[in-house]
1. Suppose we filter region A:18-43 for residues that are within 8 Å of ligand 1 (Cβ to nearest atom) and in contact (Cβ under 8 Å) with a residue 40 or more places away in the chain; how many remain?
2. Looking at region B:183-224, which of the residues that are among the basic types (Lys, Arg) and more than 16 Å from residue A:71 (Cα to Cα) is nearest to the other protein chains (Cβ to nearest Cβ)?
3. Which residues, taken from region A:215-244, are within 17 Å of residue A:30 (Cβ to Cβ) and either surrounded by fewer than 19 Cβ atoms within 10 Å (Cβ to Cβ) or acidic (Asp, Glu) (or both)?
4. What are the residues in region A:157-175 that are out of contact with any strand residue (DSSP E or B) (no Cβ under 9 Å at 6 or more places or on another chain) and within 16 Å of ligand 1 (Cβ to nearest atom), if any?
5. Restricting attention to region A:136-148, does a residue exist that is of a type in the set (A, V, I, L, M, F, W, C), within 12 Å of chain B (Cβ to nearest Cβ) and either touching a helix residue (DSSP H, G or I) at 6+ places or on another chain (Cβ under 8 Å) or within 16 Å of ligand 2 (Cβ to nearest atom) (or both)?
6. Would you point out which residue out of A:186, A:212, A:218 is under 17 Å from the mean Cα position of the chain (by Cα), over 16 Å from residue A:250 (Cα atoms) and not charged (D, E, K, R)?
7. Of all residues being part of a loop (DSSP other than H, G, I, E, B) and within 16 Å of ligand 2 (Cβ to nearest atom) in region A:152-165, which is farthest from residue A:42 (Cα to Cα)? Just the residue, please.
8. Look through B:72, B:92, B:24 and report the one residue that is at positive phi and more than 21 Å from the chain's Cα centre (by Cα).
Amino acid sequence: MIRISDLSYHHGRTQVLDQVSLTIPKGGITALVGANGAGKSTLLSLIARLTPLQTGSIHVGDLDVSRCPSDMLARNLSILPQNTEVAPRLTVRELVSFGRYPYHKGQPTSEDHTKIDAALQDFDLTPLADRVLDTLSGGQKQRAYVAMTYAQDTDYILLDEPLNNLDIAASRSLMQTLRHLSQEKGRTIVVVMHDLNYACAYADHLVALSNGKIRAEGHPSQVVTNGFLSSVFSTDAHVHHVDQVPVILV
Amino acid sequence: MHARRLIAMGAILALFAVLYMVLGAKGNWNFILPFRATKLAALLLVAVAVSTATVLFQTITQNRILTPSIMGFDALYVLILTVAVFVLGGQGLIRLPPLAVYGVNTVMLVLASLLLFGTLLAGARQDLMRMVLTGIIFGALFRSLTAFLQRMIDPNEYAVVQVSSYARFTQINTDLLLISTILTLLTLGFVWRMRHRLDVLALGPDMATGLGERPRRGQIEALILIAVLVSVSTALVGPIAFLGLLVVSLARLITPTAQHAVLLTSAALISCIVLVGGQMVSERVLFLAAPLSVVIDFIGGFVFLALLLKGTRR
Ligand SMILES: Nc1ncnc2c1ncn2[C@@H]1O[C@H](COP(=O)(O)OP(=O)(O)O)[C@@H](O)[C@H]1O
Ligand SMILES: [Mg+2]
């Protein structure tokens, strides 16, 4: 469970988050949605302490995010920031290996190597393992970054727009992997996404943010309605239902 | 793959070192060899200090163009020393134990660089051109302040500190060799212990934090180590503008890697080869009048321009 209370954040004069209080349930996939600039990335960065807290508090499981040691946080929570791009010339395997760093601090054990191989396997990266990142397509790179986060093997996983650059097959395969992780291994996964149809199809819980405030929260089938689309996204698109799952035709 | 190249570089270095020792050594070897060995040791020390400081700096700022000397670290060291002469007088300075002077200078450089560069580094990756400009302005400022103070000091007084505005590999300040060796070895020990953390820091602050590192702390630790290494090399031979850039760029070409264990070793070996080999050729073979540092800065300067043009076009 992630408990956020009275969280406010501002960049200079811009109020990015305004008194956000939110509980993200343990286990399952939580989709975080909202228009561009709503504050989604800021919220994830605060949860993972990439950005220092200004006011309010965040607890991830038993850990107080503002207090706990960095390496302990990294063994409980992993994050894939938005638009990740690393400078050095890394191979896919080297990148994924960094996911194990919080455990081995530089000297990987055989268990680490097993987990690295498994991550490469699960994200169809084995044939690309020795390629340098610069030589991959956007989608292949994105998969490598997600695989690194996956190799970190934490109870809490935060992903900021992981579906960017992914084709339909890779997107579905990623969401199915995430569903498997949440259902079989009890992981708590928070995903920022733009495509509401993916959110409706895969998420167990949906949180909508707009102008730094929570506008709606709950199971996607209850939250995603015509009124929701117009109030949160200011669009008059219509919601249909297929097998009780909301579907938005664009 | 890299191991073989590192071994080859080690062999080349060993060959150059032997040639440097024995080439044209006529007369009493009991006198010549220890004399040359001292100079060789100083060259190796300077080479490793410069290459290591450059790798550290490029990692914490996540760029491959800027180096401590381009950012004005060496100029700052010379300025601090000049201020000391100005305040105490050359004779006053000479009466103090040289170790104390050296120690105080090093500490001053550590403090000054934390103060000046500590806050700047955070934004380095986002704004490379601003960093370049800041470095050039700092360097020019430190050098003109130094020149200004020097003009107010009696030249005889100033001569005692033995620093000039460019590196002189033929006039190595060997009095400081022992303490420099100890300082450098200690610092290198810390750097080596940091090598895996450096790999993670090179991924950028967000990724590093996500993996449990504290980038800010890593930057400050690295800055302290850089300041110590710069004061070692500047105290021994004087400021060297582009050696670091030259050898680290070569290392990235010859052993492309994301592992600091390899990069640090490779850059150190290349740096030693360039300094020892260059000094051997210019002293023993060509009997050059032009100092080696001029040649190195000339080539390194071109590398700097090329990287700058490539970097800004990207
Ligand atoms: N470094 C920054 N400086 C100033 N404003 C920022 C900065 N980063 C983000 N913002 C502002 O914060 C708001 C939320 O940004 P973000 O969390 O990235 O939104 P989202 O991920 O929902 O698109 C935006 O209005 C953006 O302009
Ligand atoms: Mg965002």
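1. Of the residues in that region, 7 qualify.
2. Checking each candidate, the answer is B:195.
3. A:215, A:217, A:218, A:219, A:221, A:222
4. Correct list: A:164 only.
5. Yes, some residue in region A:136-148 is of a type in the set (A, V, I, L, M, F, W, C), within 12 Å of chain B (Cβ to nearest Cβ) and either touching a helix residue (DSSP H, G or I) at 6+ places or on another chain (Cβ under 8 Å) or within 16 Å of ligand 2 (Cβ to nearest atom) (or both).
6. A:186
7. A:165
8. B:24
The values are calculated or read from the model by the stated rules, or taken from the named source; none is laboratory data. Everything quoted here is computed from the prediction, not taken from an experiment. Here Cβ is always computed from backbone atoms with ideal geometry, including for glycine, and neighbour counts include all displayed protein chains.
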